[in-house]
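First up is the structure itself, then whatever we jot down about it.
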Amino acid sequence: MIYKWIPNFLTSTRILLVPVFLYCLFSEFSHGKLIALIVFITASITDAYDGKIARKHNVVTKFGIFFDPLADKVLVLSAFYAFMFISDLDKTVKLWMIILISFRDIVVTLLRTIMQYKGITMITSKLGKIKTALQFITIHLILIFLILKSYSVIIPSDLLYNESLYLLMIITTSITFYTGVHYFYYNYKTLGNLFFNK
């Protein structure tokens, strides 16, 4: 089937773009941050289409079930962790935020993958989509901020920009963690049966 290889190719591409993104983000050449944004946008586009194509053409594979959500989390978490090591963001991205986001995303992804392998569907929430959108929006805005700084563009209110990004990070972290609590609340019976019943 002509579409069979496309979803897995897009998922694999997203994973392979992560080190490229990180290299560009930390590189010292003048257009590094801009290229990092372009790479991240490209990876985000693959995230939007791999699962959609797989479901539309009924070519869902075990590879896709496991690596599609994993690739998403690797992409997002690599960006957030990288931001912690950039001096311009020391007042914007905090360790406690990354710990909460990481804990939620890793645990929920593992549980969802296990449930899918067992043929069980995890009850999801519309907030999950809002969470994903917020994460990508936050990362894009932070990258734009870094691009402006790399080109020495004078930002009218640098302090206000930093405070706005910090507030956005707090909102993103809070909603991310809340959706994790939501998943556990609505799936605890299924999870109990899955792990504690024979």
- [ ] For residue 4 and residue 22, compute 0.36 nm times the residue count separating them, minus their Cα-Cα distance, and round to one decimal in nm.
- [x] 3.5 nm
Open item on the list: So, R0 is 41 Å and r is the distance between the beta-carbons of residue 107 and residue 151; what FRET efficiency does that work out to, to 0.05?
Closed with: 0.60
Open item on the list: Over 18 Å between Cα atoms: which of 4/56; 33/131; 91/129 fall into that group?
Closed with: 33/131; 91/129
Task: Vicinal HN-Hα couplings computed from phi for segment 73-83 (Karplus, 6.51 cos²θ - 1.76 cosθ + 1.60; Hz; Gly/Pro x) - done: 5, 4, 5, 5, 5, 4, 5, 5, 5, 5, 4
TODO: Provide, in order from the shortest bin, the percent of all Cα-Cα pairs of segment 20-162 in each 5 Å bin, continuing until the bin that contains the maximum pair distance.
DONE: 2, 8, 16, 20, 19, 14, 9, 6, 4, 2, 0
Task: Nearest-0.05 FRET efficiency for residue 126 and residue 170, computed from C-beta distance (R0 25 Å) - done: 0.75
Task: Kirkwood hydrodynamic radius over Cα pairs of segment 32-107, then Stokes diffusion coefficient at 25 °C and 0.890 mPa s, in µm²/s - done: 173
Task: Helix 95-117 axis, angle to the chain major axis (alpha carbon atoms, nearest 10°) - done: 30
Open item on the list: Ignoring everything except DSSP H segments at least 4 long, calculate the 222 nm mean residue ellipticity for the chain; use -39,500 (n - 2.57) per segment, divide by total residues, nearest 500.
Closed with: -28000 deg cm²/dmol
- [ ] Let me know the charge dipole size of the chain about its Cα centre in debye, to the nearest 20, where only the beta-carbon of Lys, Arg (+1) and Asp, Glu (-1) is charged.
- [x] 980
Task: Contour minus Cα-Cα distance for residue 52 and residue 91 (0.36 nm per residue) - done: 10.3 nm
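Only the coordinates and a few stated rules stand behind these numbers; no lab work does. Keep in mind it's a predicted model, so treat the numbers as computed, not measured. Using ideal geometry, Cβ is built from the backbone for each residue, glycine included, and neighbour counts are taken over all protein chains shown.
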